[in-house]
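Notes for the one structure printed next.
The values are calculated or read from the model by the stated rules, or taken from the named source; none is laboratory data. It should be emphasised that the depicted structure is a prediction, and the values quoted were computed from it without experimental measurement. Glycine gets a Cβ as well: all are built from the backbone with ideal geometry, and neighbour counts include every protein chain shown. Each accessible area value is taken on the protein alone, full model and side chains, heavy atoms only, with ligands, DNA and RNA left out. Shrake-Rupley method; radii C 1.70, N 1.55, O 1.52, S 1.80 Å.
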Amino acid sequence: MHVVEANGARIPAIGLGTWELSGRTCARVVEQAIRLGYRHIDTAQVYENEREVGEGLRASGVRRDEMFVTTKVWTTHFAPNDLERSTKESLVRLRMPEVDLLLLHWPNPHVPLQETLGALARAKQIGLCRHIGVSNFTVALIEEAVGACPEPLVCDQVEYHPYLDQAKVREACARNHMALVAYSPIAKGRIKNDETLARIGKMHGKSPAQVCLRWLVQQNVCAIPRTSKIERLSENIDIFDFTLSDDEMSRISCLGDAGRRLTNFGFAPKWD
Ligand code: 1BO
């Protein structure tokens, strides 16, 4: 499996996103994904599926140390004591002594960032996680966080797909040796009927989704597509046997602009 290296972390380039997967479906999809070769699973406190993610992982029979598991601390737990307590609760639900990566899920301007980062770094120092990072951080917030955090941050997880230009965040991540982890990497299925991706896919015998994920991985970006369909799981990971040319890469990059965001909330930061 291709990995993205970032500040000491080795993150499998394709992971399974689990936002909106719940109950038995979640456990079954996680188990199946791992059986198909996935080694990176992404969950979060707010997804309310950490228990099922842990169940799926154990049911797969694959050793824990072969897996890369990420969870995210929700914004209401950013005060230092809350961060540590809620992370320990996540580990109880996952039935794991540590996660590989612990992220701040969204910026929270109501708690001083330096305090939250101190607590995040401490979570790493006391062995609750192997690496730490952020999610939904803008360029300015990345720079502020890197300057204030006592431990290296290994990623910013943000929405990224061919319709959303994320060049500025990508550059900020590269400057700070952080990985960009792309959520909604196939634009919630909207790329399925894209003519450019279909045309390029035809040349390689691949689907638009596979071309899209390959385009991300060739930028050294990690992608965490989510699906509850078993056949899509295999499709999404079968992207390591072809290469997009420079011309194909730039034709796909031309599809994006800064305004095609699919996930936004009132509490989101002012995006770049
Ligand atoms: C509210 C959760 C957004 C995606 O991680």
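Remarks
- Of everything listed in (1) of a type in the set (Asp, Glu); (2) farther than 16 Å from ALA9 by Cα; (3) free of Cβ contacts under 8 Å to residues at least 40 places away in the same chain; (4) buried (at least 17 other Cβ atoms within 10 Å of the Cβ), the single unmet condition for GLU159 is (3).
- Some residue of segment 248-269 being touching a residue at least 60 places away in the same chain (Cβ under 8 Å), of a type in the set (Asp, Glu) and not in a helix (DSSP H, G or I): yes
- Residues in segment 86-102 that are open to solvent by less than 20 Å² (accessible area, probe 1.4 Å) and of a type outside the set (Asp, Glu): 9 in all.
- Considered as a group, the residues in segment 27-42 that are in contact (Cβ under 8 Å) with a residue 40 or more places away in the chain and in contact with a Ser or Thr (Cβ under 7 Å, 6 or more places away or on another chain) include one that is farthest from the ligand (Cβ to nearest atom), and that residue is LEU36.
- Residue check, ALA79 within 17 Å of the chain's Cα centre (by Cα) and at pLDDT 95 or above: no
- Count - residues of segment 173-187 that are open to solvent by 10 Å² or more (accessible area, probe 1.4 Å), without any contact (Cβ under 8 Å) to a residue 60 or more places away in the chain and either among the small types (Gly, Ala, Ser) or in a strand (DSSP E or B) (or both): 1
- Considering only residues in segment 223-256 that are closer than 23 Å to VAL169 by Cα and open to solvent by 70 Å² or more (accessible area, probe 1.4 Å), the one that is modelled with the lowest pLDDT turns out to be CYS254.
- Failed item in (1) within 17 Å of the chain's Cα centre (by Cα); (2) open to solvent by 30 Å² or more (accessible area, probe 1.4 Å); (3) within 16 Å of the ligand (Cβ to nearest atom), with LEU21 passing the rest: (2)
- Test for HIS131: is it buried (at least 22 other Cβ atoms within 10 Å of the Cβ) and either in contact (Cβ under 8 Å) with a residue 60 or more places away in the chain or within 16 Å of the ligand (Cβ to nearest atom) (or both): yes
- Residue in segment 110-120 that is of a type in the set (D, E, K, R) and more than 16 Å from the ligand (Cβ to nearest atom) present: yes
- Residue satisfying condition, being open to solvent by 30 Å² or more (accessible area, probe 1.4 Å) and within 16 Å of the ligand (Cβ to nearest atom), within set ASN264, ASN220: ASN264
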